[in-house]
Amino acid sequence: MRAAPPSAASVVRALPQAAAALVLVLMLLVIVRLPWAGDLGMHAATVQRLRHSLLNPGNPLVAADTPSPYYSPWMLLLGCLARITSLSVFDVLRIGAVVGLGLLATGVWRYVRTLSAHRAAPALAILSLLFLWGPLLFNWSGFLGLNSLALTVSYPSVFALGLSFHFWAWLTRALRAETRWAVWLGLGLLWGLILLCHQFTGVVASLGALAMVIAARPGREVLLRLGAALALGVVLLWLWPYYDFFSLFSAGADLEAIHRPLYDHLAERFGLALLGVVALGLRARRDRWDPLVLFFVLGVLVFAAGGLTGHYSWGRALPAVLIPAQLAAALEVVSAGKRAVRAGWACALGAALAVGAWAQAGTLGYVAGRDALPGAVAAKYHTPWVGYQWITPWVKYGDVVMARTFPSRQIPAYGPYTVAPGYPDVFLPDAGRRDAAVTRYFAAGTSGDTRRAIVREYGVRWVVGGKGAAEPWLRQVATGPGGQVLYQVAR
């Protein structure tokens, strides 16, 4: 007897599941390549320091004994893995990327299940989180656009965001049913862990949790357990030995300047998420205590307050605006009332996802390479950084290298230090002096004696510069991409 052909409904339901599975496979292939851009060098350097010293790793970028917020529980675990194996730091980061991606996919699935029982809902949510952005490409740690995720999948922010979705799912279920004290205390520890692993994602996780608590309107007993969970999380933050979490609240003006661009080109970068704002309006009409609506409102308030007061680092709360909108857009396909309305919403979401996918089509280049891409797609591809592995036959772990900012973002990934950090460091008291020393060293009018004094002051053994950077006490050792030259400092 022949099997009945699949119904149209089952085919439609399977489409988003198949598409989400393909995207996850694409991400696994990206992890194999591990494209380098942004902060990858910082995280690789952090693993390098922990591999050599778990208890006192020092500054990840420069030869100084200072704490660092990059020494999180997750990076400590990766450092232990690097220490007990012969794997390279980049292989360790690949393993971390697979774990982070797995946590993110399963976390989205678990949390969306608390909002809808429809089988297609988790897949639609994943697609919306990755593609419902805007026509202007936007990459930033903690933001889940496909291209951004491809470049940051090995970062602690992805691991922390995956934990956040699990945290929200766990908290939602705890608020709906009578739950043991141990569960609430576990939630408190998980909240503190997220904040330690990636502070900005921890803020997003906290806003989402607050929205879920407000939506549940719990009684006194649950509030008591929530208070105990919160207190335990704070104790974990206070006891963490690698850096003072609470000192981050006084990070200074440098942090605000870095995040000022988060408030630029909002419509071009995030315009497709407006579909989710409409969906949130529909959800608010059905239930004014809807947790996604409250999550969105809290995110908007924090983001807007940052822009109005000049605290631009608060713009890192923007995922608390985008995530609920993206989830609402996905869920409206399976939760709207009439079948015709759901069908219309599915068409609108499908069109928006197609636009978002085309905007991020260049992500395919991280797997196939530019030459394998059609011309229109290749135009959207941004070539990753080449790296500085070409200096490693000569420059050893712990050597100090004089280099400008861009190479300083990559060189510590291989074990050496640089004179000035390639990234702002709020825990490095002489960061400004180091930056000034590098600027003075490479300035055209600086005398050879002044350069020699700077080299001696910071214990520099190598210089990475152009062909015109030579001094009598420098010996050319190797050349690299873009006309860069590695010089050895004569003793």
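The values are calculated or read from the model by the stated rules, or taken from the named source; none is laboratory data. What you see is a predicted model, and the numbers here were worked out from it, not measured in a lab. Methodologically, a virtual Cβ is constructed for each residue, glycine included, from the backbone with ideal geometry; neighbour enumeration extends over all protein chains shown. When the accessible area is computed, the model is the full protein with side chains, heavy atoms only, and any ligands, DNA or RNA have been set aside. Shrake-Rupley method; radii C 1.70, N 1.55, O 1.52, S 1.80 Å.
Key figures
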| quantity | calculated |
| --- | --- |
| Cα-centre dipole for the chain with unit charges at Cβ (Lys and Arg positive, Asp and Glu negative), debye to 20 | 1020 |
| Helix axis angle, 73-84 relative to the chain longest principal axis, alpha carbon, degrees | 60 |
| Cβ-Cβ FRET estimate between ILE258 and PHE442, R0 fixed at 25 Å, reported to 0.05 | 0.65 |
| Inverse mean reciprocal Cα-Cα distance (Kirkwood Rh) of segment 347-491, Å | 17.7 |
| Shape of segment 198-345, Cα gyration tensor, a/c cut at 1.5 | oblate |
| Rg(Cα)/(2.2 N^0.38 Å) for the chain, N = residue count | 1.06 |
| Carbon and sulfur %, accessible surface of segment 192-322 computed with the full protein complex present, 1.4 Å | 69 |
| Gyration tensor (alpha-carbon) shape descriptor, segment 285-409, a/c threshold 1.5 | oblate |
| Per residue solvent-accessible surface (Å²) - the chain, probe of 1.4 Å | 44 |
| Principal-axis tilt of helix 291-309 within the chain, Cα atoms, nearest 10 degrees | 40 |
| Stretch gain in nm, segment ASP449-ALA372, where the contour uses 0.36 nm per residue and the Cα spacing is subtracted | 22.6 nm |
| Distance (nanometres) between label positions extended 7 Å along Cα→Cβ at THR106 and VAL25 | 2.2 |
| Solvent exposure, largest accessible area first (probe 1.4 Å, DNA, RNA and ligands not counted), of GLU256, GLU178 | GLU178, GLU256 |
| List LEU189, LEU280, LEU239, ordered by accessible area with a 1.4 Å probe, largest first | LEU239, LEU189, LEU280 |
| Centroid-to-centroid separation of segment 14-81 and segment 232-308 [C-alpha atoms, Å] | 23 |
| Where labels lie 7 Å past Cα in the beta-carbon direction, separation of SER53 and LEU189 in nm | 3.0 |
| Debye intensity ratio I(q)/I(0), log10, segment 242-311, q values 0.29 Å⁻¹ (C-alpha model) | -1.27 |
| Folded to 0 to 90 degrees: helix 156-176 orientation relative to the chain principal axis, Cα | 30 |
| Accessible surface of segment 334-491, 1.4 Å probe, proportion on carbon and sulfur as whole % | 57 |
| Rounded to 5, the percent of DSSP beta bridges in the chain classed as antiparallel | 65 |
